[in-house]
Amino acid sequence: MNPTTPTISEGTRIIHFFLDTIIICFLSFFIYQWYNFNVYNWGFTPYRYGYFFFATTFAYTFLFELIFCQTIAKMITKTKVVSENGKRPNPFQFLIRALLRTSLITMFGMAWNDKPLHDTFSKTQLVTTRK
């Protein structure tokens, strides 16, 4: 990574968290309601909402970052995910990011190394796309 490339602050990360969580809540709620329609009408096995929320969180994070290197919140704030060498991360790094972002402990990494756990273990970071 070029040392002159600025990384993203905690405030921007908090905005990403809230915007992405709101989008994920709406998506998972609609998927949950559609599935419950099938439970009621077709006898599907019922599942709790939490399963839909975490599955949607994983799919949303993995697919958006794999395809665009950004989630919708990152698009709004003009940031993107890059590997530590400044290039596009490989699919395995995106998988690690998505798995760790699905867990609720990912932000605890900020306490000791100024990076969330999903950035630390996937060896990625956020940078601005502004010129």
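Near Ala73: Cβ cut-off under 10 Å, other residues only, Lys/Arg at +1 and Asp/Glu at -1. The net charge is +1.
When Thr12, Thr77, Thr45 are arranged by Cβ crowding within 10 Å, least crowded first, meaning fewest neighbours, the order is Thr45, Thr12, Thr77. Over segment 10-128, Cα pairs under 8 Å with separation of 6+ residues give a relative contact order of 23 percent.
In this label model, Phe30 and Leu104 are separated by 2.6 nm, measuring between points 7 Å along each Cα→Cβ vector.
Charges were assigned to the Cβ only: +1 to each Lys and Arg, -1 to each Asp and Glu. The resulting dipole of the chain about its Cα centre is roughly 340 debye. Each residue, Thr128 and Ser9, gets one label point 7 Å from its Cα in the Cβ direction; the gap between the two is 1.0 nm. Using a 10 angstrom Cβ neighbour count of at most 13 plus a DSSP loop assignment to flag exposed chymotrypsin sites (Phe, Trp or Tyr not before Pro), which longest range of the chain is free of such sites? Answer - 48-131. Here's the picture: charge each Lys and Arg Cβ at +1 and each Asp and Glu Cβ at -1 in segment 17-131, and of Thr71, Ile105, Phe18 the one pushed furthest to the positive end of that dipole is Thr71.
A short reminder: the numbers here are calculations on the coordinates, not readings from a lab. Quantities reported herein were computed from a predicted structural model and do not represent experimental measurements. Here Cβ is always computed from backbone atoms with ideal geometry, including for glycine, and neighbour counts include all displayed protein chains.
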